[in-house]
Amino acid sequence: MKEYIFNIHDLTLIMTVAECLLLCVFQQALPIRDRNYGRLLSLFLLTVATAAACTLLLWNDQFRPSSPLGQTLQPYLLFTTLMLKGPAFYLFVSALTKHDLRLQRRHALHLTPALLMAILIFAFGLSSDDLRYVRTGAEALPIGLVDRVWDLVKLVPLAYALAAVLMLRRYRGELEDEYSHFSTTELSWLNILTYGVLISWSWSLLVHLLGYRIPASTADMLGIIDNYTTCILVNAFFAYSLSYAHQLLATRPQPSRESSEEKPPESAVARVRQAMETEKIYLKKNLSLDIFSKSIQLSPRVVSSVVNKHFGTNFFEFINTYRVEEAKALLADASRAEMTIMDILLECGFNSKSAFNRFFSRLTGMSPREYRKQALEKSQLATAS
């Protein structure tokens, strides 16, 4: 009977490796942009490709290394790569959300897990047979030690995925501190993809832990799901880098803790209040913290301090609350009854109807149309009486 070198699940790993390599080449052929998330995406794809190739070679009996050198090198390549995919993913997300991120010496600290794993492999002389639990005799390592090594290569990437999720939460808060309007589409898709990675790597850890208690054949079938999700996520991240990544807004470096705790001067508070209540600067579209600060001749740090410390909110809420109040006045004005909702929201500084409706409903508890109807009915009753 003819034996096949690869099964259908092996082909998924092969496809992942091939796609990662092709996408890396294609990524490098794209026009160079200001931020280097493209290079970090390529690094992430390379780690995924290498890990998939090593996984295929480790568990496929047709490619099992017979020489001592092959037995020794395989754990180094597999485990150091698995330790690098978490930092590569985290730095990719960092490059998307940080203003003009450049790799510096401090980022080399992210190599620490991979270096420690290499030292561990060297110290205990781990071989590919140890990783497969097939080496026997006096030279075989304790199963508990091999289990702990596998635990580490599952836990470390998951920790980085969780850190990336938390980073995106902070990033949204930073956007709300700096912009009065921003599209949530790009950020929402990035959140979905990041949570996808978190779920995928959580599943990988869960299956690994269940493998201690369930039959090996069942654990293998559950683990294969991770290979398919990895292939899907690779394509999704590349599509995202082409379609949405360049549309994400950059945020400013956060001020030091000491400066953020300073109480804003009363003159700055008065200047900000005047700009909002007298000059109605919030009516400008696409208003950002930088534009606002330049308009009133104060530094962004001082304006941010006024908004955060004195008014107790963020820039996004601060500006749009005034815009909603302006919209309420226009909606209740009988002489403006011919204006459409779209005309009103544009005149108040909003950019999109969905954002206006969402924010208006949250502050008033009703839609703009309902508010206008009630306000005009009250006005007519007051006039009649």
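The values are calculated or read from the model by the stated rules, or taken from the named source; none is laboratory data. Please read all numbers here as calculations on a predicted model, not as lab measurements. With ideal geometry, Cβ positions are generated from the backbone for all residues, glycine too; neighbour counts draw on all protein chains shown. Ligands, DNA and RNA are excluded from the accessible area calculation, which covers all protein heavy atoms including side chains. Shrake-Rupley method; radii C 1.70, N 1.55, O 1.52, S 1.80 Å.
State whether the range 226-381 is rounded, prolate or oblate according to the following rule on the C-alpha gyration tensor (a ≥ b ≥ c being the square roots of its eigenvalues): a/c under 1.5 gives rounded; otherwise a/b larger than b/c gives prolate, and the remaining case gives oblate. Spell out each step's value before the answer.
Numbers: a/c = 2.47, a/b = 1.18, b/c = 2.09.
It comes out oblate by the Cα gyration axes.
If you take the Cα centroid of the range 211-248 and the Cα centroid of the range 278-317, the two points sit 42 Å apart. Measuring nothing but how far apart in sequence close Cα pairs (under 8 Å, 6+ apart) lie, relative to its length, the chain scores a relative contact order of 15 percent.
Expressed as a whole percentage, what fraction of the accessible surface of the range 247-373 belongs to carbon and sulfur atoms when a 1.4 Å probe is rolled over the protein heavy atoms? It would help to have the intermediate numbers written out before the result.
Numbers: 3420 of 6830 Å².
Carbon and sulfur together cover 50 percent of it.
Taking all Cα pairs closer than 8 Å and separated by 6 or more residues, the relative contact order of the range 253-384 comes to 23 percent. Considering every Cα-Cα pair within the chain, what fraction, in whole percent, is farther apart than 35 Å? When all Cα pairs of the chain are counted, 45 percent exceed 35 Å. Among the listed pairs Lys284/Lys353; Lys285/Lys378; Lys285/Lys309; Lys98/Lys309; Lys263/Lys294; Lys309/Lys373, those whose Cα-Cα separation exceeds 28 Å are Lys285/Lys378; Lys309/Lys373.
Note on the chain: with charges restricted to the Cβ of Lys and Arg (+1) and Asp and Glu (-1), its dipole about the Cα centre is near 640 debye. Mean separation of Cα pairs under 8 Å and 6 or more residues apart, divided by the residue count, gives the range 144-284 a relative contact order of 27 percent.
Span-like helix criteria (full DSSP H runs; alpha carbon extent of at least 15 Å along the helix axis; mean Kyte-Doolittle hydropathy of at least 1.0) are satisfied in the chain by 8-29, 37-59, 112-124, 185-210. Take 222-234, 205-217 and order them by the average number of nearby Cβ atoms within 10 Å per residue, most first; the result is 222-234, 205-217.
Considering only protein heavy atoms, what per residue accessible area in square angstrom results for the chain with a 1.4 angstrom probe? Write out the running numbers ahead of the final one.
Values: 20600 Å² over 385 residues.
With the other protein chains kept in place, the chain gives 54 Å² per residue.
Can you compute the helix-only [θ] at 222 nm over the chain? Use -39500 (n - 2.57) per DSSP H run of at least 4 residues, normalise by all residues, nearest 500 deg cm²/dmol.
That calculation yields -23000 deg cm²/dmol at 222 nm.
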